[in-house]
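J.: Have a look at this one.
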Amino acid sequence: MSTRRWYRRVLALIGTVLVTGGLSSGVAAGATSGHHTGQLPDGATWVADVPAAWNGTTILYSHGFGPLAAQNAPDDETRQALLAGGYALVGSSYSGPSWWALASAVDDQFGALAAAGRLTGPPRRTIAWGTSMGGLVSAREAEAGGHRLDGVLSTCGLVAGGLNLNNYQLDGEYALAHLLAPTQEIKLVRFASPDEASASAAALTKIATDAQSTPEGRARIALAAALMNEPGWFTGPTPPSDYADQEVQQQQELAQFVLGFVVTGRYQIELAAGGNSAFTAGVDYRALLAGSSHFRQVRSLYRTAGLDLDADLATLSRDADIRPDPQAVRTLARTSTVTGRLRVPTLDIHTTADQLVPVEQEDWYGKEVHRAGGGALLRQAYVGATGHCAFRPSETIAALHALESRIETGRWGDVAQPWRLNEAAGGTGRYVRFDPPPLTGARR
């Protein structure tokens with residue numbers, strides 16, 4: 001028996017009561033069912049829900065980017081399904097000066113887990129589950145959890161980290177501003193206030209809206225979308241195959257959804273990092289685009305528009321002058337980046353077309369984990385759908401059960417294969433075989 005398994009079993013035995021010669025269905029002595037809340041010493045709040053028929057497993061849920069409010073499930077439907085299945089649910093708000101609370105999130109999550117454990121007794125098993133930015137939190141927990149965790153489920157996770165996120169988003173924003181509005185002053189980094197960020201978001205959104213009316217504008221929008229890893233599928237039951245149709249959907253993503261979110265979000269990240277971590281200076285944009293899965297689309301639209309793609313890429317490379325603040329880089333490297341050194345089994349799931357956390361992040365993360373020697377602990381699975389975190393509850397719960405099987409048996413087998421996950425989802429699963437392309441704009 002491994003040291004971790006021995007440690008967990010001892011804790012479970014200490015916290016359970018003997019009933020008629022056996023253990024009481026995994027529920028710890030003194031376990032308090034119901035809804036509980038509390039506050040941690042750093043000001044973070046936590047929430048826990050414990051079902052009356054607790055199965056002994058606690059889900060430690062990490063919420064995504066947004067207001068710092070305690071959550072213990074991704075949505076109400078999933079919460080109810082998990083509680084009905086006997087799982088206890090725990091999550092914290094995180095603490096910090098901004099919504100990008102990566103500096104405190106891991107400690108706050110484990111603090112919430114300990115606080116809930118004082119009510120229920122120690123769980124037999126603990127699984128960390130994160131969504132979006134919370135997927136990065138849970139990925140970091142997979143490296144720091146030690147005996148506190150048995151496994152990690154990351155859903156639509158920002159697993160390529162904050163440094164990569166800031167850089168590829170800046171690449172696309174820079175291309176939009178510099179190629180489509182070269183005489184307009186648009187601030188892209190070092191926002192002094194939320195209002196400054198909102199003004200830049202509005203300006204970029206207008207540029208992406210107005211440029212859609214011409215072939216030249218559409219070509220340059222496609223270039224910016226490629227640099228931002230934006231998928232060519234936003235709406236509809238299936239992804240469009242025509243390059244022009246893909247650009248229409250990319251433009252809709254940028255103008256209706258993405259730019260307003262990510263540009264204002266940059267202010268929150270800079271507030272947490274203490275400055276700007278992203279850069280364009282020294283970037284070869286011709287080489288960057290050449291590695292993009294959207295290269296052929298961009299080249300085709302440029303030819304249709306009669307534009308010189310190489311000239312635009314040379315302009316971007318020549319004029320790039322944004323440099324990072326070293327302290328901000330160090331802060332995000334410490335708080336918001338994974339090492340790939342997994343300590344527990346980890347299952348990542350992602351939609352194949354994610355507008356906010358591109359599925360390309362999974363390619364970067366998988367390579368990082370394999371370089372660190374943790375490939376045997378990691379599996380990645382993909383839902384053939386468009387949308388950020390656009391999973392059905394049956395799909396995420398099927399993934400949870402696949403992870404539990406790996407924890408129990410010590411091997412993955414075929415439990416994370418698409419057909420097995422779809423079977424576990426009761427016929428409502430949309431898992432597909434998928435190989436994510438490389439992450440464009442990764443600097444690390």
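The values are calculated or read from the model by the stated rules, or taken from the named source; none is laboratory data. What you see is a predicted model, and the numbers here were worked out from it, not measured in a lab. Ideal geometry is used to build each Cβ from the backbone, glycine not excepted, and the neighbour counts take in all protein chains shown. We work out accessible area using only protein heavy atoms, side chains counted, and drop any ligands, DNA or RNA first. Shrake-Rupley method; radii C 1.70, N 1.55, O 1.52, S 1.80 Å.
J.: Karplus couplings for the stretch 130-142 from phi (6.51 cos²θ - 1.76 cosθ + 1.60, θ = phi - 60°), rounded to Hz, Gly and Pro as x?
T.: Calculated HN-Hα couplings, in order: x, 10, 6, 4, x, x, 5, 4, 5, 5, 6, 5, 5 Hz.
J.: Between Ala290 and Asp76, what is the label-point separation in nm under the 7 Å Cα-to-beta-carbon projection?
T.: Going from the Asp76 label point to the Ala290 one covers 5.3 nm.
J.: Please list log₁₀ I(q)/I(0) at q = 0.12 Å⁻¹ for the stretch 135-220, using the Debye equation with identical point scatterers on the alpha-carbon positions.
T.: Scattering profile of the stretch 135-220, log10 relative to I(0): -0.55.
J.: Mean residue ellipticity at 222 nm from the helices of the chain, using -39,500 (n - 2.57) per DSSP H segment of n ≥ 4 over the full residue count, to the nearest 500 deg cm²/dmol?
T.: Computed ellipticity for the chain at 222 nm equals -14500 deg cm²/dmol.
J.: Report the antiparallel proportion of the DSSP beta bridges in the chain as a percent, rounded to a multiple of 5.
T.: 40 percent
J.: Related question: Taking amide H atoms as placed 1.01 Å from N in the peptide plane, list the residues 5 or more away in sequence, or in a different chain, whose amide H sits under 5 Å from that of Trp129.
T.: Residues meeting the criterion, in which the H sits 1.01 Å from N, are Leu60, Tyr61, Ser62, Leu153.
J.: What residues qualify as long-range amide H neighbours of Asp348, i.e. H under 5 Å apart, gap of 5 or more or another chain, H built at 1.01 Å from N?
T.: Here Ser154, Arg379, Gln380, Ala381 satisfy the definition.
J.: Pick out which of Pro237, Pro345, Pro393 has the largest mean-square fluctuation in a Gaussian network model of the chain, springs linking Cα atoms closer than 10 Å.
T.: Pro237
J.: I need two numbers for the stretch 95-183: Rg to one decimal and Dmax as a whole number, Cα atoms only, in Å.
T.: Cα-based Rg and Dmax for the stretch 95-183 come out at 17.7, 63 Å.
J.: Compute the long axis of helix 3-14 from its Cα atoms, compare it with the longest principal axis of the Cα atoms of the chain, and write down the angle in degrees, 0 to 90, nearest 10.
T.: 50 degrees
J.: Looking at the square roots a ≥ b ≥ c of the eigenvalues of the Cα gyration tensor of the stretch 65-116, which shape do they give, rounded for a/c under 1.5, prolate if a/b is larger than b/c, or oblate?
T.: Cα axes put the stretch 65-116 in the oblate bin.
J.: Residues in the stretch 203-243 near a label at Glu196, defined as backbone nitrogen under 18 Å from the 7 Å Cα→Cβ point?
T.: 203-204
J.: When the expected Rg is taken as 2.2 N^0.38 Å, what fraction or multiple of it is the alpha-carbon Rg of the chain?
T.: Here the Cα radius of gyration is 1.02 times the empirical estimate.
J.: Another question about this same structure. Rounded to the nearest whole Å², what accessible area per residue is found for the chain with the 1.4 Å probe?
T.: About 39 Å² of surface per residue is accessible.
J.: In vacuo Debye scattering of the stretch 308-361, one point per C-alpha: log10 I(q)/I(0) at q = 0.25, 0.27 Å⁻¹?
T.: Normalising to I(0) and taking log10 leaves -0.98, -1.00.
J.: If I model a spin label as a point 7 Å beyond the Cα along the Cα-Cβ vector, how far apart are those points for Arg341 and Gln184 in nm?
T.: Each label point is offset 7 Å from its Cα along the Cβ direction, giving 4.7 nm.
J.: Could you list the square roots of 5 times each eigenvalue of the Cα gyration tensor of the stretch 225-333, that is, the equivalent ellipsoid semi-axes, sorted largest first and rounded to whole Å?
T.: Values for the stretch 225-333, descending: 28, 20, 10 Å.
J.: Find how many whole Å separate the alpha carbon centroid of the stretch 157-213 from the alpha carbon centroid of the stretch 317-378.
T.: 21 Å
J.: For the pair Ser241 and Gln327, how long in nm is the line joining their label points, each one 7 Å along Cα→Cβ?
T.: Between Ser241 and Gln327, the label points sit 5.5 nm apart.
J.: Looking at the stretch 219-270, I'd like the Rg to Rh ratio, where Rg is from alpha-carbon atoms and Rh is Kirkwood's inverse mean 1/r.
T.: Reported Rg/Rh (Cα atoms, Kirkwood Rh): 1.03.
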